[in-house]
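Q: Okay, handing you the structure first.
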Amino acid sequence: MEIRQLRHFMAVVDEGGFTAAARAELIVQSALSASIRNLERELGADLFDRTGRRVVLTEAGRALVPQARALLAGAQAARQAVAAVTGLERGRVAIGTIQTLTSVDLPAELAAFHSAFPGIQVSVRDATVDELTDALRAGELDLAYLAPDARELPEGLTVHATWHEELVLITAPGHRLAGAGRVRISDLAEEPFVDFRAGTGLETAVRRLAAHCGLRRRITCDVTQAGLLVELVRAGIGVAFVPRPIGERAGLPCVTVRQPEPGRTVVLAGRGARPRNPAAAALLDHLMASSAGHLDTPVDDPADGPAGRLTRAAEARPARLRDAVPAAAGRRGGRRPAAG
């Protein structure tokens, strides 16, 4: 039983005859009659009594009317729902992020996206890099900000943009290194450290840095929340490596580390070159536009449609990426290190 057949059936009911129904459906009467006969054959019952001059519904036909109306209404609602999603009037997008993301002001970007597309629901998840990567591969997330360090992303994931973040040493205000300005890794041999638990992108980057420099850190406390790490450092329990904006926002001394200068790579990743979910594709366009200051690819007319709304939202905000500049995007299944 096809929706087209039900539409033809209801046209005969509403128009009062086959001739008027064919005219309303813009088809020849023989085609409409054939459609009704096929429907009757599938249902195993006559729907109209054709013995008289008037078209009269049979008992089977009368039983079908409310069901046909409901099915046609449901089909129309389904078409409208799809149109709303593809037209970005409605939809849902899921994005993941590492907890210590500083390359992008994600709350501000999502607020601007919501202003442009108020009907789209955004779900945000913060987790470890491995958890976010698994969720991205499983389709639970559409996009994710990751700090993969030296690891290649799994097959099937695409890097859309890359940033390099500077890591600094934060200390308590009265610490002996608070006013040092710069320190060497070797100067930290006796320092107690506060660190994230294993599995976070930041912990991995710091652990690799320490191993590379031969620094055996003494971890006095490990945490899962960035805010708690900062407050423990402020209390004097230990020092910590964090992206510079985290230390500056906390008002703690930020000491530059040299020989070597520590940093980490952050990427915006997704499945494939472009999300199939229209809402996710719109969010990706928005994030890329705001990160680079312009859309990576030209749009036909920035005055109208989704691209125009994204362009206006991006132009209405000041640039926020003072601490990290996006490198050229997107090698499939891997990362492209930022220059320098």
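The values are calculated or read from the model by the stated rules, or taken from the named source; none is laboratory data. These figures come from a predicted structure and were not determined experimentally. We place every Cβ from the backbone using ideal geometry, glycine too, and count neighbours over all the protein chains shown. With ligands, DNA and RNA removed, areas are computed over all heavy atoms of the protein, side chains included. Shrake-Rupley method; radii C 1.70, N 1.55, O 1.52, S 1.80 Å.
Q: Out of the residues in the range 129-150 that are among the small types (Gly, Ala, Ser) and part of a helix (DSSP H, G or I), which is least open to solvent (accessible area, probe 1.4 Å)?
A: Ranking the qualifying residues of the range 129-150, first place goes to Ala135.
Q: Ala147: of a type in the set (Gly, Ala, Ser) and out of contact with any Ser or Thr (no Cβ under 6 Å at 6 or more places or on another chain), yes or no?
A: yes
Q: Might you check whether a residue that is closer than 28 Å to Leu215 by Cβ and either part of a helix (DSSP H, G or I) or over 16 Å from the mean Cα position of the chain (by Cα) (or both) occurs anywhere in the range 112-120? Explain how you work it out, then say what you get.
A: We begin by selecting, within the range 112-120, every residue closer than 28 Å to Leu215 by Cβ; these are none.
Within the range 112-120, none of the residues are closer than 28 Å to Leu215 by Cβ and either part of a helix (DSSP H, G or I) or over 16 Å from the mean Cα position of the chain (by Cα) (or both).
Q: Pairs please, first residue from the range 54-68 and of a type in the set (D, E, K, R), second anywhere and open to solvent by 30 Å² or more (accessible area, probe 1.4 Å), Cβ atoms under 9 Å, 6+ apart in sequence or on different chains.
A: Pairs that qualify, where the first residue is of a type in the set (D, E, K, R) and the partner is open to solvent by 30 Å² or more (accessible area, probe 1.4 Å), are Arg54/Gly16; Glu59/Ala45.
Q: So which residues in the range 100-128 are crowded, with 17+ Cβ neighbours inside 10 Å and of a type in the set (S, T, N, Q)?
A: Thr100, Thr102, Ser103, Thr128
Q: OK, next. Of these, Val257, Val242, which one is over 27 Å from the mean Cα position of the chain (by Cα), in a strand (DSSP E or B) and either more than 30 Å from His160 (Cβ to Cβ) or touching a residue at least 12 places away in the same chain (Cβ under 8 Å) (or both)?
A: Val257
Q: Right, something else. So Ser103 passes all but one of these: (1) touching a residue at least 12 places away in the same chain (Cβ under 8 Å); (2) of a type in the set (Ser, Thr, Tyr); (3) part of a helix (DSSP H, G or I). Which condition number does it fail?
A: (3)
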